[in-house]
Amino acid sequence: MTVTHNSNQDIIGRAEINDVDAILAIPLADPNEVEHVIKNNADTIFTWDYSLSRPPLRKLYEKAKVGQWNGSVDLDWSIEVDVEKTIAQDQLLLGTGLDPSVYADTPVAKWGDKEWLEFGIEGRNWMLSQFLHGEQGALICTAKIVETVPWYDAKLYASTQVMDEARHVEVFARYLQEKLGGEYQVNAHLRMLLDDIVADSRWDMTYLGMQVMVEGLALAAFGFLHQLTGEPLLKQLLRYVMSDEARHVAFGVLSLKEAYDEMTDVEIKDRQEFAFEAAIRMRDRFMQQEVWERMGINTRDIIPLVLADPTRGMFQAMLFSKIVPNCKKLGLLDRNDKWLRRRFEEMNVIQFEDWENTGDEYLKFELGSEVPQPVAGE
Ligand SMILES: [Fe+2]
Ligand SMILES: [Fe+2]
């Protein structure tokens, strides 16, 4: 049977992935909104089969039980965070994440040190805020998986992830409130993605959207910031969170491998399209629209330049360094005439396909060991 894929228009709401007008047409979240309600559309499944039939998941469960930590006592909250000093130091090490020459004909060209520092501070606050909202998404998705996954071993493991995510929400929220003075609203594209993940009725889509795509990106982003920042509390916080996060991505990869090996091409097509949609939403998110708005810069003028900025492009590609090998491990890249491979080529992230997948490397992230540096090869 021939499998036909939907068009970009059907999957992401625009024909061209870089259609700036369409990207900006997605409304920003209201900063004053307090509650956001989504139907989760799923069946809750009991299982009476209590046999140990998936040893790799049971091993993860055992690891999770001994890997628990306490965000209120294990992190040193007495550390004073001088935000300006921290950002200035981090910028010295890595620059601003943008190539200033790209912005020559815009108001950004007139920015002095003061504005670049302000941009860095807002950018840090924005990034940690999106981590926070993503963590709440993970908390909700994992609670949903406890109900919807049909496998006993997966229900047990997912319950430990619920506690992990509660801790992550707790520590990011506390850091933002106590050290950075408040948070940004959820990014428009991240919210759209979280809504889609939560609304899908199929249990494996929760995993694919959250454990593989959102958490895969988070693991790469946390690793990057952990390596870069000289702020000791944030470094410590990220180190603890990463030790959990690697397990979570492994949970997604190990569970979906079994499920996807048995799926037909038509079923896999839906998963490939969903992975592509998630990848686009996350790429769109990193244009930091809310930060540009706060800096008083017209997003219609600046976003096309951000899209073309090579420094930005490198950083953005790196965020996919966990997602691409994990999609490959799941067979999603090459099924249906390499459909997802073609999309990742178009997004310039395919170069990570042979990097280590998280189903294999998660043990290296355990507390007490050196954080693994990204390496090529399996
Ligand atoms: Fe998390
Ligand atoms: Fe997680």
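The values are calculated or read from the model by the stated rules, or taken from the named source; none is laboratory data. This structure is a prediction, so every number in the text was calculated from the model and none was measured. Don't worry about glycine lacking a Cβ; one is built from the backbone with ideal geometry, like all the others, and counts go over all protein chains shown.
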**Asked** For the stretch 231-247, which residues satisfy the criterion of being touching a residue at least 40 places away in the same chain (Cβ under 8 Å) and within 16 Å of ligand 2 (Cβ to nearest atom)?
**Response** Leu237, Arg239, Tyr240, Val241, Met242, Ser243, Asp244, Glu245, Ala246, Arg247
**Complete:** Among the residues of the stretch 121-168, the number that are without any contact (Cβ under 8 Å) to a residue 60 or more places away in the chain, touching a Ser or Thr at 6+ places or on another chain (Cβ under 6 Å) and more than 13 Å from ligand 1 (Cβ to nearest atom) is 1
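Determine whether the stretch 170-186 contains at least one residue that is small (Gly, Ala, Ser), touching an Asp or Glu at 6+ places or on another chain (Cβ under 9 Å) and away from ligand 2 (no atom under 16 Å from the Cβ). Steps first, please.
Narrowing the stretch 170-186 to residues small (Gly, Ala, Ser): 173, 181-182.
This time we only want the ones that are touching an Asp or Glu at 6+ places or on another chain (Cβ under 9 Å), so: 173.
Now narrow it down to the ones that are away from ligand 2 (no atom under 16 Å from the Cβ): none.
No - not one qualifying residue is present in the stretch 170-186.
Check Gln68, Gln136 and return the single one that is over 20 Å from Leu228 (Cβ atoms), outside any helix (DSSP H, G or I) and not hydrophobic (A, V, I, L, M, F, W, C).
Values: Gln136 fails: outside any helix (DSSP H, G or I).
Among Gln68, Gln136, only Gln68 is over 20 Å from Leu228 (Cβ atoms), outside any helix (DSSP H, G or I) and not hydrophobic (A, V, I, L, M, F, W, C).
Scan Asp284, Asp301, Asp244, Asp270 and give me the residue that is assigned to a helix (DSSP H, G or I), out of contact with any Pro (no Cβ under 7 Å at 6 or more places or on another chain) and surrounded by fewer than 16 Cβ atoms within 10 Å (Cβ to Cβ). Talk me through it step by step, then tell me what you get.
On the way: Asp284 fails: surrounded by fewer than 16 Cβ atoms within 10 Å (Cβ to Cβ); Asp244 fails: surrounded by fewer than 16 Cβ atoms within 10 Å (Cβ to Cβ); Asp270 fails: surrounded by fewer than 16 Cβ atoms within 10 Å (Cβ to Cβ).
After ruling out the rest, the residue left standing is Asp301.
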**Asked** Quick check: anything in the stretch 368-378 surrounded by 14 or more Cβ atoms within 10 Å (Cβ to Cβ), of a type in the set (A, V, I, L, M, F, W, C) and part of a helix (DSSP H, G or I)?
**Response** no
**Message:** Need a quick list: helices (runs of 4 or more DSSP H) entirely within the stretch 178-235 having at least 2 residues that are under 12 Å from the mean Cα position of the chain (by Cα) and either closer than 18 Å to Lys329 by Cβ or aliphatic (A, V, I, L, M) (or both).
**Reply:** 188-199, 215-228
**Asked** For Arg174, are the conditions met, namely being under 18 Å from the mean Cα position of the chain (by Cα), within 16 Å of ligand 1 (Cβ to nearest atom) and either modelled with pLDDT of 95 or more or crowded, with 21+ Cβ neighbours inside 10 Å (or both)?
**Response** no
